[in-house]
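I have placed the structure first, in the form of structure tokens, so that the comments after it can refer back to it.
Here, each number is a calculation from the coordinates, and none is a lab measurement. Small disclaimer: the values here were computed from a predicted structure and weren't measured. Using ideal geometry, Cβ is built from the backbone for each residue, glycine included, and neighbour counts are taken over all protein chains shown.
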Amino acid sequence: MLTFSPVSVSFFIMALFTIGGGLGVVTTRNLVHAALFLVLSLFGIAGLYVLLEAPYLAVIQVLVYVGAISILITITVMVTRRLMGIEETYNRQWPIAAIISGLLGAGLIALVVAQFGALTPVADVPVDNIEQLGRAFVTHQGFLLPFEVASVLLLAAMIGSIVISRDV
Amino acid sequence: MLIEQYLPIAILLAIAIVLSLIVVFISRIMGPFRPTAKKLSPYESGMTPMGPAVRRFPVKFYLVAVLFILFDVEVIFLLPYSILVQDLGVYGLITVSIFLTVLTIGFIYEWKKGALEWE
Amino acid sequence: MSDFVIFLIDALVKSLIIVVSLLTGFAYTTVLERRVIARIQVRIGPNRAGPFGLLQPVSEGLKLFFKEDIVPNEADKVIFTLAPVITAVPALIVLAVVPLGSEVTIPFLNYTTSLGLSDINVGVLYILAVTSISVYGITLAGWASANKYAMLGGLRSAAQMISYELALGVSLLVPVSLAGSLSLGAIINAQDPVWFVFYPIVGQVAAAIFYIAILAETNRAPFDLPEAEQELTAGYHTEYSGMKFAAFFMAEYMKMIAVSAIFASLFLGGYRLFGLEDLLGGWMGPLILAGKVVASLVFMIWLRATLPRFRYDRLMSFGWKVLLPVSLVTLVLTWVVIVLELIPVAL
């Protein structure tokens, strides 16, 4: 049921940020503006995480996506002058693309509504779940192997970025 | 409820945004507004501005941002362990050390390849 | 009144108190800075407006109100206006998770509340997240101005701030590990008998690295490269005038105050001082914290008057080649010390 509680009002505000930001990203012609709309959208998602009682995920979302990845995107976009103000937004295939993405979107919404109903309460999550996460990361009962593999992934990314930037 | 902890922060955020907007617009309202072409041109130590402000920048800035993301993710991986150091004892220390060792290899590589040099 | 309304009023009043204290703090930090630096340079400093020059910030603020607001022709108007907002907001909200004192009862209303807006259980991460946002303001200001000096200043400071943010994050994990919690309240409580800065080696090294990193984050001397006037005019705010310029200025000083309070909470026991914080019905706590903040501010000003500015390449090497490795080693050392139970850890 749709009721006016602080949670539902906050949800709609956050959803507005997320969707509005997303729309901004694809509609604006200025790339720096697009990057900033992306940041707005990511903030909205962080707010949604808070409402889902996952504050750790929310701050990580801000820290990594807003505070690191989007900064990289913004800086990169800022220094590439030629990409500014692209005039042509639509090409000839846009009606087909619109129809297909509209159908896909409708299908997804139908699927989600059919599967989960309109609004179901979230499962009870223990609020203090960072300890469980820590335990899961570094013990073999948890996800020790993926955790160690993640370090190899980061290593590969590190080496890759250096190799690419030195070749240019 | 968790929202009781985060609603105050949202309220502070709203106040902060409103206040900053007031600060930013107050000169527009109270100050004079007499633009001239010279006044509105970019400041370049009194010379006539030459060329665009946005030029090509060293790839170094980009590399620093990428390396920052990687180390930032590393810090986040270490965070949940940090609050459990005593609980997990020697076992936890060993597993985290493996994680850190792999990344230290990357750090040494980065250093030796000169990715940390600014010339 | 329903509980929810009381809760809202509580949050609103506390938020307003935080904002007003930061603004007042900002105004008087500028006076403090000018007077202290003047004394160090054997001058007198501004002492004409009001007693001891205490009305100086008021007169300067009023002057800036009536200055012309210039938006350069080629600037991106929207982002040019938004950039000071994006810079000022993080400085205003970062104190939300810092406990400013223990519980107090407000006289006449008989209402008991904790001092501090919201001690969330991911407080330390919140601080990191909010500081990482403040990179945007400066970078965007530099870009939106469409000015070469501003652009270069903005990019430089973005690279500087993200580099030092790493050392900040890693050294932050030391008090987190020692306290076994991400909440600032728990970290302050864990320092009840002994402040973390007094823990041998790990405490001092972590505190030193953290302090250096916050100097770089707030663009204070000797890390004030973004506004190196000999090379970059005024750096990222070259094109700003009037209150928009004041917003950057305001953000810098409010950040100084906020990070000083965070530093005090992480390493210097926060609002606690050997049980003195319970005096005056708990109202002593905020005063103790304020005392520690002022001490830290004076130290920052002293550093500015003493140290010359870093050269940019040395600044970047220092961040990546000294601070980051040293902070990582300190963190591992802290963990070893905790695991081997060489020092008492509060849990």
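Net charge of the neighbourhood of C:Gly270, taken over other residues with C-beta under 13 Å away and scored Lys/Arg +1, Asp/Glu -1, is -1. Peptide A:152-164 has a mean of 6 when you count, residue by residue, the C-beta atoms of other protein chains within 10 Å of its C-beta.
Can you flag which of C:Lys14/C:Lys77; B:Lys60/C:Lys148; B:Lys60/C:Lys255 are past 30 Å Cα-Cα?
On the way: C:Lys14/C:Lys77 34 Å; B:Lys60/C:Lys148 18 Å; B:Lys60/C:Lys255 28 Å.
Distance filter (> 30 Å) returns C:Lys14/C:Lys77.
Computed from backbone phi, the HN-Hα couplings of the stretch C:281-295 come to x, x, 6, 5, x, x, 5, 4, 4, 4, x, 5, 5, 4, 4 Hz, rounded to whole numbers (Karplus: 6.51 cos²θ - 1.76 cosθ + 1.60, θ = phi - 60°; Gly and Pro given as x). The distance linking the stretch B:72-93 with the stretch C:1-49 is 38 Å (Cα centroid to Cα centroid, whole angstrom). For C:Glu239, the amide hydrogen comes within under 5 Å of no other amide hydrogen, counting only partners 5 or more places away or on other chains and with H modelled in the peptide plane.
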